[in-house]
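One structure is given below, encoded as structure tokens.
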Amino acid sequence: MEWINLIIGFFTANILGYGGGPSSIPLMYQEIVTHYHWLNDLEFANMLALGNTLPGPIATKIAAYVGYHIGGLTGMAAALVGTIVPTALALIWLMKLLKKYRQSRAVKGMTLLVQPVIAILMIVLTWELASESIQSIGWLHPLIIGAAAFWALQIKKYHPAPVILVAFLYGGIVLGVMA
């Protein structure tokens with residue numbers, strides 16, 4: 001029956017965690033450590049550190065780890081259901097609502113006017129990541145990778161996955177040799 005608690009605990013943390021995975025971490029901590037005592041503080045900190053080193057959303061990695069730790073594959077599935085279902089249902093509901101009212105001036109205005117905000121958020125994120133790279137390794141390597149990525153993605157129309165892999169390998173080889 002622990003799988004029911006996994007669903008409830010992760011559902012609660014994720015339905016209240018407005019803003020995505022990182023904002024739900026304190027709520028997950030409350031459920032995992034304080035309420036259900038599935039992990040202690042040190043185990044939670046170690047799990048969070050490990051989860052942050054892996055690609056993908058942090059909320060699903062935490063759910064998978066804790067669920068498997070508590071109930072094996074069944075526990076992992078239960079925790080993932082509690083994590084994913086709230087967002088999936090909300091997304092489906094909102095998309096149906098937007099589709100139903102897509103001709104509404106208010107909906108058109110909302111969808112059109114949110115685009116500049118998203119663009120600015122992406123520009124700010126790009127600026128912050130580029131600044132961090134430049135501070136860490138100088139101008140040359142980010143400029144080389146940036147130009148190569150632009151060429152591969154915009155001119156040659158390559159899929160982003162191999163471009164990311166090449167940049168990853170370039171960083172590991174070139175900067176690994178420099179270290």
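Could you look through the range 125-139, keep only residues that are assigned to a helix (DSSP H, G or I) and open to solvent by 70 Å² or more (accessible area, probe 1.4 Å), and pick out the one that is farthest from residue 175 (Cα to Cα)? Quick ask: steps written out before the conclusion?
Taking the range 125-139 first, the residues assigned to a helix (DSSP H, G or I) are 125-137.
Next, from what is left, pick out any that are open to solvent by 70 Å² or more (accessible area, probe 1.4 Å): 125-129, 132, 135-136.
On the way: 125: 23, 126: 21, 127: 21, 128: 20, 129: 17, 132: 15, 135: 14, 136: 11 Å.
Of everything passing the filter in the range 125-139, 125 is farthest from residue 175 (Cα to Cα).
What do you reckon, is residue 77 modelled with pLDDT under 95, under 26 Å from residue 28 (Cβ atoms) and either in contact with a helix residue (DSSP H, G or I) (Cβ under 8 Å, 6 or more places away or on another chain) or assigned to a helix (DSSP H, G or I) (or both)?
Values: modelled with pLDDT under 95: no; under 26 Å from residue 28 (Cβ atoms): yes; either in contact with a helix residue (DSSP H, G or I) (Cβ under 8 Å, 6 or more places away or on another chain) or assigned to a helix (DSSP H, G or I) (or both): yes.
Against the criterion (modelled with pLDDT under 95, under 26 Å from residue 28 (Cβ atoms) and either in contact with a helix residue (DSSP H, G or I) (Cβ under 8 Å, 6 or more places away or on another chain) or assigned to a helix (DSSP H, G or I) (or both)), residue 77 does not qualify.
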### Message
Restricting to the range 39-71, and then to whatever is among the small types (Gly, Ala, Ser) and part of a helix (DSSP H, G or I), can you tell me which residue is surrounded by the fewest Cβ atoms within 10 Å (Cβ to Cβ)?
### Response
49
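Could you list, in sequence order, the residues of the range 145-172 that are β-branched (Val, Ile, Thr) and under 16 Å from residue 129 (Cβ atoms)? Step through it out loud before you land on a result.
Looking only at the range 145-172, we keep the residues that are β-branched (Val, Ile, Thr), and these are 145, 155, 163-164, 166.
Scanning the range 145-172 gives 145, 163, 164.
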### Query
What number goes with the only condition from (1) loosely packed, with under 10 Cβ neighbours inside 10 Å; (2) at pLDDT below 90 that residue 109 does not pass?
(1)
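Could you check the range 3-33 and list, in sequence order, the residues that are in contact (Cβ under 8 Å) with a residue 12 or more places away in the chain, under 14 Å from the mean Cα position of the chain (by Cα) and open to solvent by 80 Å² or more (accessible area, probe 1.4 Å)? Spell out how you get there, then give the answer.
From the range 3-33, those in contact (Cβ under 8 Å) with a residue 12 or more places away in the chain are 3-15, 17, 20-22, 24-25, 27-32; that's our starting set.
Applying the additional criterion that residues be under 14 Å from the mean Cα position of the chain (by Cα) yields 14, 17, 20-22, 24-25.
The one that is in contact (Cβ under 8 Å) with a residue 12 or more places away in the chain, under 14 Å from the mean Cα position of the chain (by Cα) and open to solvent by 80 Å² or more (accessible area, probe 1.4 Å): 22.
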### Task
Identify, by number, the condition in (1) more than 15 Å from the chain's Cα centre (by Cα); (2) over 30 Å from residue 107 (Cβ atoms); (3) open to solvent by 70 Å² or more (accessible area, probe 1.4 Å) that residue 36 doesn't meet.
(3)
### Task
Please work out if residue 85 is modelled with pLDDT of 95 or more and surrounded by 15 or more Cβ atoms within 10 Å (Cβ to Cβ).
no
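The values are calculated or read from the model by the stated rules, or taken from the named source; none is laboratory data. Since the structure is predicted, the reported quantities are computational estimates derived from the model, not experimental observations. Here the Cβ is made from the backbone with ideal geometry for all residues, glycine too, and neighbour counts use every protein chain on show. Just so you know, the surface numbers come from the protein's heavy atoms only, side chains and all, with ligands and any DNA or RNA stripped out. Shrake-Rupley method; radii C 1.70, N 1.55, O 1.52, S 1.80 Å.
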